[in-house]
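J.: Once you've had a glance at the structure underneath, I'll fire off some questions.
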Amino acid sequence: MIPMPPRWMIFTGAVAALALAIPPFVIARVRATPDANRPVHIFFDMDFQPKFKTQAVNPLFADGRTQRPEVQGVVAQGETRLDAHLYEGVVGGEWATTLPAGLTMNEQFLLRGQERYNIFCAVCHGYAGFGDGAVNKRAMELMSNAGGPVDGTAWVQAKSLHDPLVREHSVGLLYNIVTNGIRNMAGYEAQIDLEDRWAIAAYVQALQLSQNATIQDVPPELRDKLPKDVAQGEGGSAGTAATTTTAAADTTEVK
Ligand code: HEC
């Protein structure tokens, strides 16, 4: 049997154990308290670095600014943007009617455009482009509130892309609208890549054709494949032909 240590020993041991708990507590406390000029800096992390912060005064330059202005007449690599067709959708002062060199119109390109359109544009313009997207519907609901628009909502109806005027837009103009926006619609240059903006423009034209097509737009060898009632409408029942094309678009979407 181990004899109990003397009382004073137990007491000293307990006090020592308590005292040992103080430093970690102080450290935790100091580190958790926000302080611009921390008096006790236990871990340096990367708090001290020989550098100038954005708005700080910089004695190295005559004007004392750390942030340097752009050097006059210098263009950053890859930002010349001399190709007006590619960047603005303009050819010889007119809206381009063709895709810029390097982009090819094919099924893959249109599918990419459809995918991007469904992500970025359908919320307002609707999947088929009639200006009836979910955001638009909700905003119109708020606008028609009996006691005036809720919370000062202001909304301009998203335009139908089948509006006769919009249907006249060339691919270059559509690209420009996606890039820079138009009137109340914001531009999407910051969110959507250059090529994808062209793909969306091409897809908008496909959507427009889908709602305004005649049997003559279907290659003769494919007309047999159309449902009977559509094929019989030879000579152009726009409405029915359109339904078929939209249905085709829906199928690709599901894949
Ligand atoms: C936040 C809602 C919203 C989104 C998202 C949106 N639009 Fe619009 N769009 C509008 C509104 C609103 C107008 C009508 C603007 C006006 O008349 O002031 C419009 C107008 C247009 C027009 C008609 C321009 C004309 O000549 O009258 C086109 C084309 C168009 N949008 C294409 C697109 C495409 C393509 C996308 C996707 C990249 C897109 N929009 C995304 C709200 C939106």
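J.: For segment 18-40, does any single residue satisfy the condition of being over 44 Å from the mean Cα position of the chain (by Cα) and at pLDDT below 80?
T.: yes
J.: Can we say P69 is within 30 Å of L174 (Cβ to Cβ) and either β-branched (V, I, T) or under 30 Å from the mean Cα position of the chain (by Cα) (or both)?
T.: No; evaluated as a whole, the condition is false for this residue.
J.: A further question follows. Scan segment 83-97 and tell me whether some residue there is outside any helix (DSSP H, G or I), on the phi > 0 side of the Ramachandran plot and not assigned by TED's automatic domain parsing to the domain that holds L194.
T.: no
J.: Looking at segment 136-143, is at least one residue closer than 16 Å to Q114 by Cα and near the ligand (Cβ under 8 Å from one of its atoms)?
T.: No; the residues of segment 136-143 include none that is closer than 16 Å to Q114 by Cα and near the ligand (Cβ under 8 Å from one of its atoms).
J.: While we're on this one: Which residues, taken from segment 153-162, are more than 7 Å from the ligand (Cβ to nearest atom) and out of contact with any Leu (no Cβ under 9 Å at 6 or more places or on another chain)?
T.: Those that are more than 7 Å from the ligand (Cβ to nearest atom) and out of contact with any Leu (no Cβ under 9 Å at 6 or more places or on another chain): A154, S160.
J.: Let me ask another. Mind checking which residues of segment 166-201 are near the ligand (Cβ under 6 Å from one of its atoms) and assigned to a helix (DSSP H, G or I)?
T.: If the condition is that a residue be near the ligand (Cβ under 6 Å from one of its atoms) and assigned to a helix (DSSP H, G or I), then V166, L174, I177, V178, I200 are the ones that fit.
J.: If you don't mind, another one. Which residues, counting only those in segment 181-199, are modelled with pLDDT under 95 and within 14 Å of W95 (Cβ to Cβ)?
T.: I182
J.: Please work out which one of (1) exposed (fewer than 10 other Cβ atoms within 10 Å of the Cβ); (2) farther than 30 Å from A199 by Cα is the condition R31 fails and give its number.
T.: (1)
The values are calculated or read from the model by the stated rules, or taken from the named source; none is laboratory data. This one's a predicted model, so the numbers in the text were calculated from it and none came from an experiment. Because the Cβ atoms are built from the backbone with ideal geometry, glycine has one as well, and the counts that use them run over all protein chains shown.
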